[in-house]
1. Filter region 106-126 down to residues that are among the aliphatic types (A, V, I, L, M) and part of a loop (DSSP other than H, G, I, E, B), then give me how many there are.
2. Go through (1) buried (at least 16 other Cβ atoms within 10 Å of the Cβ); (2) at pLDDT below 95 and name the single condition Arg238 misses.
3. Output the residues belonging to region 162-210 that are among the β-branched types (Val, Ile, Thr), part of a strand (DSSP E or B) and surrounded by fewer than 18 Cβ atoms within 10 Å (Cβ to Cβ).
4. So if I check each of Pro87, Pro93, which one is in contact with a Leu (Cβ under 6 Å, 6 or more places away or on another chain), farther than 24 Å from Leu205 by Cα and surrounded by 22 or more Cβ atoms within 10 Å (Cβ to Cβ)?
5. Go through (1) of a type in the set (Asp, Glu); (2) surrounded by fewer than 19 Cβ atoms within 10 Å (Cβ to Cβ); (3) in contact (Cβ under 8 Å) with a residue 24 or more places away in the chain one by one and return the number of the condition Glu77 breaks.
6. Could you tell me how many of the residues in region 53-74 are without any contact (Cβ under 8 Å) to a residue 60 or more places away in the chain, of a type in the set (S, T, N, Q) and in a strand (DSSP E or B)?
7. Among the residues of region 211-227, write down those that are under 15 Å from Val113 (Cα atoms) and surrounded by fewer than 21 Cβ atoms within 10 Å (Cβ to Cβ).
Amino acid sequence: MNSILSRGRAALLALSAGVLLLAAATGCGGSDNGSEIRKILPVTAIAFNDSVAAGDTLFLKVQYNYTTTCEKAVKFEFTVLSTVPTPVYQVTPVAVYRSTDPCTGVNGTDVAVLRVTALGGGPRTFQVNGALGTLTADVIASSDPNFVTNTGFGLRVRVEDASGGAVIPGAHVQIRDAIDNSMLSEGDADGAGIYAYDQACGSELQYLVSVSVSGRTANLVVRSPGARCRMPEYVVIRV
């Protein structure tokens, strides 16, 4: 699955809150005729490195569903909701196209990546606003290049109910290598709906998270960029 940066021309935007955001906007077709259609896409999971040191980039990976080829071309709308006491940003994945564009019906899931730099210091909240609800990414940033002290891979999977976002204690979680589908870890979420996985450093990890509870299942596949050493990755997935 490719990030949105590989699908179109990137633009660097300076925001009033001091955050630098690197994103790309792409559309479907390109016709000058017809009315513009803007559709907020359903978001089923997010993943992000939740501790960001100076010089690091926050990679916010957003998994969304689409029902046409035009909806597959996603862009992010970025809004500063507040700056004090904690900066809060709203991130909305949308598909924008013309009513006359040749959209083909096809159901699918993809992951788009928002890259954010110059986060500053302290807590930052990113509210990913999808058609089915809002998923929250809480991030701690620091100007200290040695802020992140993890020595290996670290994944924390938070399982939430799709109908309202409440955490689901005891949900079954599997973490697999997305390249060869080998099982890396398996178990149940704790009382806070969290399942933790750690391993020693190696090459960048492309991973698949599967969760199941009460006969419902959900998956998240993160390929590019994958989880990286010394940058703990937090996953929020709804089922």
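1. So the answer is 2.
2. So Arg238 meets the others, but not (2).
3. Result: Val167, Ile194.
4. Within the list Pro87, Pro93, the selection yields Pro93.
5. (3)
6. 3
7. Val221, Arg223, Ser224, Pro225, Gly226, listed by residue number.
The values are calculated or read from the model by the stated rules, or taken from the named source; none is laboratory data. These numbers come from a predicted model, not from an experiment. Cβ atoms come from the backbone with ideal geometry, glycine included; neighbour counts cover every protein chain shown.
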